[in-house]
Amino acid sequence: MKIKSAQFAVSAPDLASCPRSVLPEFAFIGRSNVGKSSLINLLTEKPDLAKVSDLPGKTRLINFFTINGNWTLVDLPGYGYAKVAREDRLEFNTAVRDYLGQRANLRCVFALIDSRLEPQAMDLRFVHWLGSHSLPFVLVFTKVDKQSAQSSRNTMERFRQAMAQSTDARPRTFATSITTKTGRSEILGFIEQSLAKGKNKFVLAPMMNGPVRRTGDETATPEETGG
Ligand code: GDP
């Protein structure tokens with residue numbers, strides 16, 4: 001997919017403030033410093049696009065970017081910062097939980113994971129949560145240029161194995177690097193395919209904020225690209 005236009009649309013503090021839209025949404029989320037802003041800038045080839053999310057006060061907002069006029073890239077606040085009283089509570093804010101759980105036009109979640117790290121409990125809990133809510137998601141292992149391809153393959157495999165212990169989801173996997181542009185065309189190709197598959201899917205149904213059934217077919221193929 002060629003990126004012809006990429007524009008910041010709006011920031012929303014909660015689900016109710018999210019824009020009414022029928023465009024399919026692809027949401028990016030990960031722990032702070034995982035490389036989310038860098039990846040968004042790489043995908044859109046706009047070096048400053050995701051900067052807005054780093055502005056003071058914006059890091060806890062849901063940021064919407066309109067791409068090519070026909071889909072929306074959603075930059076979700078990172079998880080892992082919230083202090084939680086009970087251990088079984090997931091460490092992301094209510095806005096993110098509501099968005100992920102209820103946004104009708106959410107097409108796929110891109111769960112970003114640092115390729116250099118051993119499986120992190122917080123990341124595993126997050127993908128488990130996605131799986132348990134039947135949300136379509138893929139894994140994106142970032143910063144693969146920082147180590148050998150074999151090391152990245154090993155950590156990705158260990159993550160998949162750890163994940164298999166708590167969820168049946170077998171998400172597609174991407175490996176990315178902003179320095180080598182690894183994974184860029186694969187992710188954009190994946191989004192393009194998803195857009196083609198779901199053409200007109202939401203056109204007749206105005207955006208609703210209620211729970212919806214999603215087909216979840218994006219999670220069906222275990223496949224690794226890039227790296
Ligand atoms: P965010 O907090 O998840 O938005 O993370 P950033 O995009 O701000 O990235 C955090 C740091 O990692 C920055 O110093 C980036 O330059 C660096 N970084 C992000 N992605 C990559 C990558 O693919 N390769 C390398 N070498 N550095 C990266």
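The values are calculated or read from the model by the stated rules, or taken from the named source; none is laboratory data. Everything quoted here is computed from the prediction, not taken from an experiment. Here the Cβ is made from the backbone with ideal geometry for all residues, glycine too, and neighbour counts use every protein chain on show. With ligands, DNA and RNA removed, areas are computed over all heavy atoms of the protein, side chains included. Shrake-Rupley method; radii C 1.70, N 1.55, O 1.52, S 1.80 Å.
Given the pairs 36/146; 4/46; 4/36; 4/143; 2/146; 46/146, which are separated by over 18 angstrom at their Cα positions? Exceeds cut-off: 4/36; 4/143; 2/146; 46/146. The relative contact order of the stretch 6-204, computed from alpha carbon pairs under 8 Å that lie at least 6 residues apart in sequence, is 23 percent. Shape class for the stretch 6-204, computed from the alpha carbon gyration tensor (a ≥ b ≥ c): rounded, with a/c under 1.5. Note on the stretch 115-154: with neighbouring protein chains present and a 1.4 Å probe, carbon and sulfur make up 50 percent of its accessible heavy-atom surface. Computed from the C-beta positions of residue 133 and residue 185, the FRET efficiency with R₀ = 25 Å rounds to 0.25. The residues packed around residue 6, meaning those with a beta-carbon under 13 Å from its beta-carbon, carry a net charge of +1 if Lys and Arg are +1 and Asp and Glu are -1. For the stretch 71-195, the solvent-accessible area of protein heavy atoms averages 41 Å² per residue (probe radius 1.4 Å; ligands and nucleic acids excluded).
In a fully extended conformation the segment linking residue 167 and residue 98 would gain 22.7 nm over its present Cα-Cα distance, using 0.36 nm per residue.
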